[in-house]
Amino acid sequence: MSSGPGAAVEVESLPAKAGSGNRVALVIGAGSVKCAAALGLQKVLAREGIAIDMVVGCSGGSLYAALIALGIEVDEAEEMTRRLWTQELTKKRHYASLLRAMLPQLFPFQESFGLVDDRLILDRLKVAFGGHKFEEARIPLFLTATDFHNGEQVVFSSGSLVDAIRASIAIPYVFRPWRVGDRLFVDGFLCDPMPVGVAIKHGANVIVTLGFESPYQHRVTSVLKFAFQLSSIMSNNLLRANYAFHNLAHHTEILPIIPQFRERISLFDTDKIPYVIEEGERAAERELPYLRRLLGMTNP
Amino acid sequence: MEIAVEKREGATVVSIDGSVDGMSAPQLVAAFREQIGGGNPRLVGNLASVDYTSSAGLRALLETVKDARQHGGDLRLAAVRPEVLRVLELSGFTSILQVFPDVDAAVASFTA
């Protein structure tokens, strides 16, 4: 186990497959509702008969990575995430955290701090993924979170999907850090918003990435929006820095899929998921000719 | 990928037509290297007809800009399409490479 900040730590990993052929990874980074574009991308890959050897997910991308790895059909996955990820999730404050922040002499501050009551998101994750474990995934699945105490990237690849996803989406200040075993985790984007390195480490040589810069707030009118704004600034700068590093430091071919949204997609715009999926499909179509050539397939 | 080279006052314009990816990157690097080796390290990459770049393309651009700068010149990009510009921005390239709206502006920047 490495100990430096930002170093990847495996909670448990699958062995890399042997063989000389291409190993294709799909990496779905942070991006909340925009990550639904991964379903459009998956539709195109499935239609073209392009097999994925592993799926990596982070933050909002962890939801879609899990759905794709479990083999859930696009329509069902769309419906599941529409039910799961709604504005309602942030409506109720976590008053104990607020009291501990504002009156620490009366209520000692605890590291498990979050402005939002996280019971609803947990309940919904349990409904969506409750019975599932990584071991049931049809495609090897890796989800990332960040160790709250030392900043290490932690890769989940076995055990409860609910725990791993809840850890991966623990948006700082918003959702409380999540404990798994004796470790406390925060959102995966805090160490790498698009964890391409996980795919490289597991032997992928063709990596299709889908990730997004976090939107900035037009007006910061609440503590929650203030928290989101700070997260966006950090996350976007980290995304560019890490993405540049992975593109330049390795000889792996990284294909960015960048959907073009004509309208602003906010954190909880779940009603726009069908549109987001369509744009994901369109973006995938644009990259398809090169991907096919890269994989030795004949273009029509 | 098609590559055309044009000598201008103050810079050499390398116009690229096609994708800058793992299959075409070696050809592109060779074309740039030929210019640098021939005493023309002031380069303008005209990307008006480039519709795609992958990580291999980014590596080719980085290798070239380092080489050009070591020889006293630079690689500056012109007429980058939005879809390629987004990849350059995402990977931080716009912070290390100068990008101009058109070839004339990029060429002029070498004599400004």
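Note on the stretch A:151-280: Cα-Cα pairs beyond 22 Å make up 47% of the total pair count.
Each Cα pair under 8 Å and six or more residues apart adds its separation to the average, and for the stretch B:2-104 the resulting relative contact order is 27 percent. Note on the stretch B:2-104: dipole from Cβ charges, positive end direction compared against B:G57, B:S91, B:Q70; the farthest Cα belongs to B:Q70. By the beta-carbon count within 10 Å of each Cβ, the least crowded to most crowded order of A:F228, A:F107, fewest first, is A:F107, A:F228.
Rounded to two decimals, what is the ratio between the C-alpha radius of gyration of chain A and 2.2 N^0.38 Å? So the Cα radius of gyration is 0.97 times the expected 2.2 N^0.38 Å.
Comparing A:G57, A:G151, A:G71, which has the greatest mean-square fluctuation in the GNM of chain A with Cα pairs linked when under 10 Å apart? Evaluated over chain A, the most mobile residue of the options is A:G71.
My understanding is that a pair violates if its Cα-Cα distance is over 21 Å; which of A:K92/A:K225; A:K133/A:K272; A:K92/A:K126; A:K92/A:K272; A:K43/A:K272 do that in this structure? From A:K92/A:K225; A:K133/A:K272; A:K92/A:K126; A:K92/A:K272; A:K43/A:K272, over 21 Å: A:K133/A:K272; A:K92/A:K272.
Within the shell of other residues whose beta carbon sits under 13 angstrom from the beta carbon of B:L43, the net charge comes to +2, with Lys and Arg scored +1 and Asp and Glu -1. A:E111 sits among other residues whose Cβ lies under 11 Å from its own Cβ, and their net charge, with Lys and Arg +1 and Asp and Glu -1, is +3. Each of A:L26, A:Q105, A:L115 was placed along the dipole of chain A (beta-carbon charges, centred on the mean Cα), and the one lying farthest toward the positive end is A:Q105.
Exposure proxy shown here: for A:K133, A:K43, the number of other Cβ atoms within 10 Å sets the order, fewest to most, as A:K133, A:K43. Within the listed set A:G188, A:G131, A:G40, the Gaussian network model of chain A (springs between alpha-carbon atoms below 10 Å) gives the highest mean-square fluctuation for A:G131.
The stretch A:242-273 and the stretch A:121-176 have their alpha-carbon centroids 20 Å apart. Helices that extend 27 Å or more along their long axis by alpha-carbon positions and average at least -1.0 on the Kyte-Doolittle scale are, among the DSSP H runs of chain A, A:223-249, A:273-294. This model, with +1 at the C-beta of Lys and Arg and -1 at the C-beta of Asp and Glu, gives chain B a dipole about its Cα centre of some 340 debye.
Residue by residue along B:82-88, Cβ atoms of other protein chains within 10 Å of the local Cβ number 2 on average.
By other beta-carbon atoms within 10 Å, ranking A:Y275, A:Y216 with the fewest at the front produces A:Y216, A:Y275. Note on chain B: GNM, Cα springs under 10 Å; of B:G73, B:G38, B:G57, the largest mean-square fluctuation is that of B:G38. Here the Kirkwood formula puts the hydrodynamic radius of chain B at 13.5 Å, using every distinct Cα pair.
In units of the rule-of-thumb radius 2.2 N^0.38 Å, the stretch B:62-110 shows an alpha carbon radius of gyration of 1.14.
Every read-out reported here was derived from the displayed coordinates using simple, explicitly stated rules and does not represent laboratory data. Here the structure is a predicted model, which means the values were calculated and not measured. When we count neighbours, we look across all protein chains shown, and the Cβ atoms used for this are built from the backbone with ideal geometry, even at glycine.
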